[in-house]
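To start, the structure itself, in structure tokens.
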Amino acid sequence: MSNDSVGKRVVQWFDHRLPLVTFVNHSLVEYPAPRNLSYWWTFGSLAGIVLVLQIVTGIVLAMHYTPHVDMAFVSVERIMRDVNYGWLIRYMHANGGSAFFAVVYIHIYRGLYYGSYKDPREVLWWMGLIILILMMMNAFTGYVLPWGQMSFWAATVITNLFSAIPLVGDSIVTWLWGGYAVGNPALNRFYSLHYLLPFLLVAVVFLHLWALHTFGSNNPLGIDAKGPQDQIPFHPYYTVKDLFGLGVLMIVLLAFVFFAPNFLGHPDNYIPANPLVTPAHIVPEWYFLPFYAILRSVPDKLLGVVLMFGSLAVPFLLPWLDTSKVRSATFRPIYKQVFWFLVVDGIVLGWCGSQPPEGIALILARISTAYYFLHFLVLMPLIGMIEKPRPLPTSIAEPVLKGGDAAATAPTRGRS
Amino acid sequence: MAETPAASADSVGGDGETRRDFLYIATGAVGTVGVLAAMWPLIHQMNPSKAVLALASTEVDLSGIEEGESVTVVWRGKPVFVRHRTAEEIAAAVDVDLADLPDPQADAERAEKPEWLILVGICTHLGCVPIGNQGDFAGGWFCPCHGSHYDSSGRIRIGPAPVNLEVPDYVYLDETTVRIG
Ligand code: HEM
Ligand code: FES
């Protein structure tokens, strides 16, 4: 003991009183992860990193942004033109929002494919869905801040969704606005919420990880790790893998930031907000398009709103709607195909949402909306009952090591 | 002082209820009411303030608006359409079987003087501003957001909007002036 360096003793002294080092060590260094995680498991870390990126760029933007209807638009233009590197920070933040959704959507579909929502990870799945909803609220409130035409009309249409609620709907909308229309009070409170929500997100991400680390990660085989031979320590194996994923993500994100920063935006948002003229074709950001398509596919106001919110609510029930005991779609011949139908369904809905609601786009939107709910409410329970899963391997190590060569593993917590 | 903790035996109702249960419930009830009362200011602060509610009415001079023309004025931060309707537009609005309308209302109830149609220019679906002289109904409006068609009386005919364009309260102050609100 007395041979330990002073530094190490100081760390031990601190850790004994607040076990921070132990905590980090447990969750990011020696944390035993299944040995067979593929790159689909990188997107969780990526989402966390993008959240940090959004918070950092957002705090910088907040130093220069003015939340007032007369000044918001010009303050953003000032960020773009005068503030040193303001253009970079803003483009990072705007495209970072898209990156966040891209990464999280892949992360969610990964969970759907490998049955990561099943016992004992139901609460983990819920926390993830809550994160998605908070992200949506956050992206929406952020999009309003530059106070361009798209900002204004997005705020108007989305807040008006609540007017569909019988009896109290109109009072709720007036309450949200703090006036008779979207105006300065609305802009102020959206700014306040846009600053708050990311920190709520951090808190829910923490719960998400807590639930994750209670039972450990699922894996491509969907079977439980049975011992040290099935696991490897998070560091260095998955830290390195995640870093590589981060490199790829940054290449894509920065390609957008530097070469096509407005590709995902709408030119109309560079026109200052005008409460008297709605742009001819208003569409939300790409990550909201599938939900927008669902909203517009129904000719009835209330039902459209109910279905749109319902499409976010139904996945909460998935752990019970899916009646199959097998997690990974690898061993589920029918579900595997239906899964890809759902992927296509999401993309078709997204395309429909980007089109004016008429003709073929409207018909397709109706079919794919119906299919979306059919998938969760009918196909998931049914397939689990009639499908005959392929035989599962007895352990994670078995297909990898064939003979069960335990020496090739790096058990870390075998003794703990 | 006379009661000691051992007094948990002196049940009030005889069903094993004790003074302590009573205290729990009383404390909980007071606490709940207190929290609810404290929440109201936090909720109500988001409602429009008195200054916003007091926003004055808007007066419009009709003399400059030719037949077939329409102006948009701002009332309480919202667009209001003032349309000087042509005889054909009025005829089209009157000559409608009310049973065909999603939100049946006669044109006469919507325009005090048939030649002047005054409407809140906000789509009753999700709040966009409909475009004049567009859509399937001559002299009507079309909402670009989700495709609602309104007729020359501002009544919803096709699309997701549930009800007709709102007619605000207004009074004619004289031959050429109308006050909205
Ligand atoms: C969950 C993370 C976040 C997401 C998804 C997000 C998303 C967005 C989006 C989509 C915009 C509109 C960008 C544009 O078109 O200009 C925006 C703007 C803005 N955000 Fe965020 N944001 C996040 C976190 C934050 C944080 C933590 C802050 C400040 C503490 C912040 C401050 C701002 C400001 C000041 C603007 C207005 C300037 C501008 O429009 O570029 N954001 N945000
Ligand atoms: S807001 Fe007009 S049709 Fe939706």
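Residues checked against (1) more than 9 Å from ligand 1 (Cβ to nearest atom); (2) within 19 Å of A:Val306 (Cα to Cα); (3) free of Cβ contacts under 8 Å to residues at least 60 places away in the same chain:
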site	(1), (2), (3)
A:Met150	no, no, no
A:Leu161	yes, yes, no
A:Gly178	yes, no, yes
A:Val182	yes, no, no
A:His208	yes, no, no
So which pairs qualify, if the first residue must be in the range A:54-67 and within 14 Å of another protein chain (Cβ to nearest Cβ), the second must be near ligand 1 (Cβ under 8 Å from one of its atoms) and part of a helix (DSSP H, G or I), the Cβ gap must be under 8 Å, and the two must be at least 6 apart or on different chains? none
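For the range B:26-64, give me each residue that is of a type in the set (A, V, I, L, M, F, W, C), assigned to a loop (DSSP other than H, G, I, E, B) and modelled with pLDDT of 90 or more.
Within the range B:26-64, the subset of a type in the set (A, V, I, L, M, F, W, C) is B:26, B:29-30, B:33, B:35-40, B:42-43, B:46, B:51-56, B:60, B:62.
Those still in the list that are assigned to a loop (DSSP other than H, G, I, E, B) too: B:46, B:54-56, B:62.
Selection gives B:Met46, B:Leu62.
Considering only the range A:252-295, how many residues are farther than 30 Å from A:Arg366 by Cα and within 19 Å of the chain's Cα centre (by Cα)? Show your work before the answer.
As a first pass, look at the range A:252-295 and keep what is farther than 30 Å from A:Arg366 by Cα: A:252-262, A:270-276.
Checking the rest, the ones that are also within 19 Å of the chain's Cα centre (by Cα) come to A:252-253.
Qualifying residue count for the region: 2.
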Cross-chain or 6+ apart pairs with Cβ under 9 Å, the range A:273-285 first and more than 11 Å from B:Pro79 (Cα to Cα) and more than 7 Å from every other protein chain (Cβ to nearest Cβ), then of a type in the set (S, T, N, Q) and not in a loop (DSSP other than H, G, I, E, B): A:Ala273/A:Gln149; A:Ala273/A:Ser151; A:Pro279/A:Gln149; A:Val283/A:Ser354; A:Glu285/A:Ser98
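Taking the stated definitions as given, is A:Ser27 part of a helix (DSSP H, G or I), more than 30 Å from A:Phe263 (Cβ to Cβ), in contact (Cβ under 8 Å) with a residue 24 or more places away in the chain and out of contact with any Cys (no Cβ under 6 Å at 6 or more places or on another chain)?
So A:Ser27 fits the description; yes.
Taking the range A:68-85, which residues are touching a residue at least 24 places away in the same chain (Cβ under 8 Å) and assigned to a helix (DSSP H, G or I)?
Let us first name the residues in the range A:68-85 that are touching a residue at least 24 places away in the same chain (Cβ under 8 Å), namely A:68-69, A:72-73, A:76.
Residues satisfying the conditions are A:Ala72, A:Phe73, A:Val76.
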Would you be able to say whether some residue in the range A:283-299 is part of a loop (DSSP other than H, G, I, E, B) and touching a Pro at 6+ places or on another chain (Cβ under 8 Å)? yes
Filter result (closer than 18 Å to B:His149 by Cβ and either surrounded by 18 or more Cβ atoms within 10 Å (Cβ to Cβ) or among the hydrophobic types (A, V, I, L, M, F, W, C) (or both)) within the range A:348-360: A:Pro357
Going through A:Ile133, A:Ile89 one at a time, which residue ends up being surrounded by 20 or more Cβ atoms within 10 Å (Cβ to Cβ) and within 14 Å of ligand 1 (Cβ to nearest atom)? A:Ile89
Of the residues that make up the range B:121-143, is at least one assigned by TED's automatic domain parsing to the domain that holds B:Gly68, surrounded by fewer than 19 Cβ atoms within 10 Å (Cβ to Cβ) and assigned to a strand (DSSP E or B)? yes
Is it the case that some residue within the range A:108-124 is within 16 Å of ligand 2 (Cβ to nearest atom), buried (at least 22 other Cβ atoms within 10 Å of the Cβ) and either free of Cβ contacts under 8 Å to residues at least 40 places away in the same chain or among the charged types (D, E, K, R) (or both)? no
B:Glu66 versus (1) over 21 Å from the mean Cα position of the chain (by Cα); (2) of a type outside the set (A, V, I, L, M); (3) closer than 12 Å to B:Asp151 by Cβ: which is the lone unmet condition? (3)
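Is it the case that some residue within the range A:65-76 is touching a strand residue (DSSP E or B) at 6+ places or on another chain (Cβ under 6 Å) and either within 11 Å of ligand 1 (Cβ to nearest atom) or within 22 Å of A:Asn262 (Cβ to Cβ) (or both)?
To start, the set of residues in the range A:65-76 that are touching a strand residue (DSSP E or B) at 6+ places or on another chain (Cβ under 6 Å) comprises A:73.
Applying the additional criterion that residues be either within 11 Å of ligand 1 (Cβ to nearest atom) or within 22 Å of A:Asn262 (Cβ to Cβ) (or both) yields A:73.
Yes, because at least one residue in the range A:65-76 is touching a strand residue (DSSP E or B) at 6+ places or on another chain (Cβ under 6 Å) and either within 11 Å of ligand 1 (Cβ to nearest atom) or within 22 Å of A:Asn262 (Cβ to Cβ) (or both).
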Got a number for residues in the range B:75-109 being assigned to a strand (DSSP E or B) and loosely packed, with under 14 Cβ neighbours inside 10 Å? 0
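The values are calculated or read from the model by the stated rules, or taken from the named source; none is laboratory data. Quantities reported herein were computed from a predicted structural model and do not represent experimental measurements. In this analysis, Cβ positions are derived from the backbone assuming ideal geometry, glycine residues included, and neighbour counts consider all displayed protein chains.
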